[in-house]
Amino acid sequence: MGSYRQIYYQIVFGTWNREATISEDHESELYKYIWGIINNHNCKLYRINSMPDHIHIFSDLHPSVSLGDYVKNIKVASSKWMKECGKFPAFSNWQESYGAFTYSIREKDMIIDYIKNQKVHHQTETFLDEYKRLLVENGIEFDEKYLL
């Protein structure tokens, strides 16, 4: 009998010190690179989008992959690529932490639309406010001193 799963994650992480280092001119190339990393982990990408200081990834998670390793591999590989490709000259690194939020099949389309509309959404909400809201909505306790 096969193994089946339905594990949807919205993964959010920022650039080092929340610096605006993700160039809109080259973000689609970054997305394609991260998509390749996700495919190499036997996971499926449903949506990816970013702002200059953070990124949202909505994907499933293959049962053979731990969440921590998955995020680490995405961050390490994409960070190396961003530094080497020359298209993100101000980029130094991703922040150490990340947020990972699970969703059901009923919420899948809503999250895809939410990530798709990041540029519009962030006209009225900062990344920090968005991140705090996601933590609260998902019932995650946090200490504000670690968010700054």
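Where is the GNM fluctuation largest for the chain (alpha-carbon springs, 10 angstrom cutoff): Glu19, Glu130, Glu27? Ranking Glu19, Glu130, Glu27 by mean-square fluctuation puts Glu130 first. Of the residues Ala77, Thr15, Thr126, the one whose Cα sits farthest toward the positive end of the charge dipole of the chain, with +1 on the Cβ of Lys and Arg and -1 on the Cβ of Asp and Glu, is Ala77. With an a/c value under 1.5 for the gyration tensor axes a ≥ b ≥ c computed over the alpha-carbon atoms, the range 36-148 is described as rounded.
Using only side-chain charges placed at the Cβ, +1 for Lys and Arg and -1 for Asp and Glu, the dipole size of the chain relative to its Cα centre rounds to 460 debye. Among Met82, Met51, Met110, the residue with the largest mean-square fluctuation in a Gaussian network model of the chain, with springs joining Cα atoms closer than 10 Å, is Met110. What aspartates and glutamates could a cross-link reach from Lys75, if we take a straight Cα to Cα line under 19 Å and drop same-chain neighbours fewer than 8 places away? Cα-Cα hits under 19 Å: Glu19, Glu24, Glu27, Glu29, Asp53, Asp60, Glu84, Glu96. Here the accessible area of the chain is 50 percent carbon and sulfur, with a 1.4 angstrom probe and all protein chains present.
The values are calculated or read from the model by the stated rules, or taken from the named source; none is laboratory data. Please read all numbers here as calculations on a predicted model, not as lab measurements. No Cβ is skipped: glycine too gets one built from the backbone with ideal geometry, and neighbour counts run over all protein chains shown. Ligands, DNA and RNA are excluded from the accessible area calculation, which covers all protein heavy atoms including side chains. Shrake-Rupley method; radii C 1.70, N 1.55, O 1.52, S 1.80 Å.
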